[in-house]
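Participant: My questions will all concern the structure given below.
The values are calculated or read from the model by the stated rules, or taken from the named source; none is laboratory data. The model shown is predicted, which means the values in this text are computed figures rather than measured ones. All Cβ positions, even for glycine, are placed from backbone atoms using ideal geometry, and neighbour counts span all protein chains on display. Side chains included, ligands, DNA and RNA excluded: accessible areas come from the protein's heavy atoms. Shrake-Rupley method; radii C 1.70, N 1.55, O 1.52, S 1.80 Å.
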Amino acid sequence: MGKKLSYFFKFFLIAVLVVLGAWSPMTFAATTVPISSFRAHDIIYSVATPYSGGFVVVGSRDDNLYVLNRQGKLVWKYTTPNAVSSVAVSPGGHYIAIADQDSEIYLFKNHRLLWQKSLQTMPSAIAVSRGAETIAVTFPVVPMLTEFAANGTQLRQVIIPAGGVSIAITGSGREIAIGANNDDLYVMTPGGHVLWSYATNGTVNGVSMSPNGHYVAIGSQDHHVTLLNGQGRVLWRYDFGHQINGVATDRHASYVAVATNNSYILAVLNHQGTLVWQKNTGAPNTSVALSENGSVLAAGSQNDLAYVISTSAALAQYRAFEMELHAVYAGIVLLLLLGAWWAWRRYRRTPQAQQLVANVARHRISYIMLIPTFVLLLLFNYYPAISGLYHSLYRWNPGAESYFVGFHNFVMMARDPFLLVGIPHILIMILFGILLGGVGVPLLVAELMFHLRSSRMQYVYRVLFIIPLVIPAIANILIWENIYNPDIGLLNETLHAVGLGGLAQNWLGNPHLALAALIFMGFPFTNIIAILVFYAGLLAIPGELIEAARMDGASLLEVIRHVHIPMLTGQFKFVLVTSVIGGLQSFGVPLVMTGGGPEMSTFVPGLEMYYAATKYSEMGYSAAISVSMFLVILVLTVVQMKFIRTSATD
């Protein structure tokens, strides 16, 4: 009894460590952070800093442009005719662009004014690319984007969907993000072509893009800060409970800085959307900027103060916190390895282990020849599976920096509306797949072939059923796509030919019929694998049992019910397990036929996994979905096998 308790205590300790190590999305607050401030003569409207964070540019309502060093000391200033409402710095720090409330914009290079332009209406925000190849300007009332070159030439003027409140531009100038007053974010090319958009529930007061455009952070009047990837996919959202006036992100969206209004809070969120640092400035904060590596944070406030904050201390403490989490996980792995070693030490002394070693030594040539097979199996089967499990704990994007997020990807699944919509669809498809293509029709066909008197005809029918297997699955899908074509498809043409043209439909375009159309694609539901499995099971039934049943006066249906079906328990188990596994993993048919539409009526979890990896570059989230699907399949498989075996025994 004591030994059992000792084992129980060891496993309990390991379980506690696993739980503590997995509890990664925790809030962390740093203690001491160096803060410098500069007092202007009026409200600070806008701040900006280059990638290096070497200096800070400040625009104030006191009609001045200020340039501060990292210690918050004034280096240089420039006075304009009216309040400086927006400032921007090129990534390298060579160019400074500003807009004032006198409808003027300015471009400086190394503190020297290059040009000044008068606009027809007051601008709201300005942004400048690397080398000042593009200076982009938006207007709060006029839905227009105006772009200038480094020499002051107007490049273009394009109409945009709504007036712009905030603006950001990539380092190359190839993408521009505009926070509009219609509560939407638009990411577009310099020519005005909208690449994608994102709707919020409040005016987008702040927008920031990573230099390569892979991440976009926005803050809106609906109190939310949202981080999106370069395709408009939401990575996380954080509710501050108060209006957001400004946001800024570093190079890889490792950190997002936030300026709030009513709560007077300056804050920094990490790549998971977890609050890692905050400060109450005592007044509404108007804007915020962040250096490329997140080490320098600049902010402006309505108390006339501009802040230059060295966040290195806070971020260093948080990184140490993350390292501790990694150490916990490393300790778990070490414990598991020690447990495996301890188990082997105990097992190798048993007669079974000694017999195993002797058998391997006796047949060593055979095992050596199997090594290439095992190497390929490990490389192409087990390594991808282990890699998927590992990367499901990371925000992983191959070619870019990856971050450990613990179970954050799995938490996101519970909030993913696409995934939740797809679950009932896949359950319906699996149910009909089992009833029709898994058990119903295949069992009927197997019984019909089994009862053919001619063995030659049985062989002929087996061959005829097997031949379609050589046709690629994609060819079958494309054939059905043509059958369902609403204009020239075989189904609608047949209905017109027999006088039932009123029943013709856009089968794949109708959200009420699309899922049923995909299910019907299996018609006539002759799953050849299931047919051969049932047919082989029928051949294996001893003839004496069937003859005995017939001598007792059993009819054909009674023989099938009381002899065939009980003797096919193993075949039913195999078909059910493979049908569930195949059904949960499948997404090829919806992908090719409908893409998950219309109106998400054919969306399945496998599609979300595929889109997350290939369309939205969220490899970690895709891996988390695949791991979850594996666990669901594992549990269902064990339950099915246990249930069927128990039923058969009973």
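Participant: Where does the range 88-138 land on Rg(C-alpha)/(2.2 N^0.38 Å)? All intermediate terms of the calculation are to be shown ahead of the outcome.
Facilitator: On the way: Rg = 10.3 Å, N = 51, 2.2 N^0.38 = 9.8 Å.
For the range 88-138, the normalised Cα radius of gyration comes out at 1.05.
Participant: Let me ask something additional. What helices does the chain have that are whole DSSP H segments, at least 20 Å long along their own axis by Cα, and with mean Kyte-Doolittle hydropathy of -0.5 or more?
Facilitator: Qualifying helices, which must be both long enough and hydrophobic enough, are 2-22, 312-347, 417-432, 569-585, 619-649.
Participant: A further question follows. Would you list which aspartates and glutamates come within 16 Å of residue 573, measuring only between C-alpha atoms, while excluding same-chain residues fewer than 8 positions from it?
Facilitator: 650
Participant: List, largest first, the extents of the alpha carbons of the range 175-249 along their principal axes, each in whole Å.
Facilitator: 35, 22, 17
Participant: What is the total of Lys pairs in the range 43-296 with C-alpha atoms under 24 Å apart, excluding same-chain pairs fewer than 8 positions apart? Working shown, then result.
Facilitator: Working: 73/109; 73/279; 77/109; 77/117; 109/117.
Within the range 43-296, the lysine pair count is 5.
Participant: For every helix of n ≥ 4 consecutive DSSP H residues, a contribution of -39,500 (n - 2.57) applies; sum these over the chain, divide by its total residues, and give [θ] at 222 nm rounded to the nearest 500 deg cm²/dmol.
Facilitator: Details: 19 runs with 254 residues, N = 650.
About -12500 deg cm²/dmol.
Participant: Let me see the P(r) profile for the range 417-649: every Cα-Cα distance counted, bins of 10 Å, each bin given as a percent of all pairs.
Facilitator: Result, from short to long distances: 7, 25, 29, 23, 13, 3, 0 percent.
Participant: Another question, then. Projecting each Cα onto the charge dipole of the range 417-649 (Lys/Arg +1, Asp/Glu -1 at the beta carbon, about the Cα centre), which of 551, 419, 486 comes out farthest on the positive side?
Facilitator: Selected residue: 551.
Participant: Let me ask you something else. Treating only the Cβ of Lys, Arg, Asp and Glu as charged (+1, +1, -1, -1), what charge dipole size does the range 417-649 show about its Cα centre? Round to the nearest 20 debye.
Facilitator: Computed about the Cα centre, the dipole is about 540 debye.
Participant: With unit charges on the beta carbons (Lys and Arg positive, Asp and Glu negative) and the dipole taken about the Cα centre of the range 43-296, which residue among 125, 170, 207 sits farthest to the positive side?
Facilitator: About the Cα centre, the residue reaching furthest to the positive side is 170.
Participant: From largest to smallest, what semi-axes in whole angstrom does the range 520-650 give when each is the square root of 5 times an eigenvalue of its alpha carbon gyration tensor?
Facilitator: Computed over the range 520-650, the values are 41, 18, 10 Å.
Participant: Continuing with this model, one more query. In Å, what Kirkwood hydrodynamic radius results for the chain from the alpha-carbon pair distances?
Facilitator: Computed over Cα pairs of the chain, the Kirkwood hydrodynamic radius comes out at 29.9 Å.
Participant: Sorting check: for 131-139, 448-456, which peptide has the highest mean count of neighbouring beta carbons within 10 Å, and how do the rest follow?
Facilitator: Ranked from most to least packed, the peptides come out as 131-139, 448-456.
Participant: Now, a different point. Quick check on the range 43-296: take the gyration tensor over C-alpha atoms, sort the square-rooted eigenvalues as a ≥ b ≥ c, and tell me if it's rounded (a/c under 1.5), prolate or oblate.
Facilitator: Verdict is rounded for the range 43-296.
Participant: Charges only on Cβ, +1 for Lys and Arg, -1 for Asp and Glu: so what's the dipole of the chain about the Cα centre, in debye to the nearest 20? Display every interim value, and only then the final one.
Facilitator: Working: 36 positive and 32 negative charges, 546 e Å.
For this selection, approximately 2620 debye.
Participant: What are the principal axis extents of the Cα atoms in the range 573-650, in Å, biggest first?
Facilitator: That works out to 49, 26, 17 Å along the principal axes.
Participant: Based on Cβ point charges of +1 for Lys and Arg and -1 for Asp and Glu, what charge dipole magnitude is obtained for the range 43-296 about its Cα centre, in debye rounded to the nearest 20?
Facilitator: Numbers: 14 positive and 14 negative charges, 117 e Å.
It works out to roughly 560 debye.
Participant: Over the Cα atoms of the range 44-90, what radius of gyration and what Dmax do you get, in Å?
Facilitator: Final numbers for Rg and Dmax: 10.0, 30 Å.
Participant: Now for a different question. Amide H of residue 165 versus every other amide H placed in the peptide plane: which residues, excluding those fewer than 5 positions away on the same chain, fall under 5 Å?
Facilitator: 179, 180, 181
Participant: Rank these residues by their accessible area, most exposed first, probe 1.4 Å: 344, 277, 76.
Facilitator: 344, 76, 277
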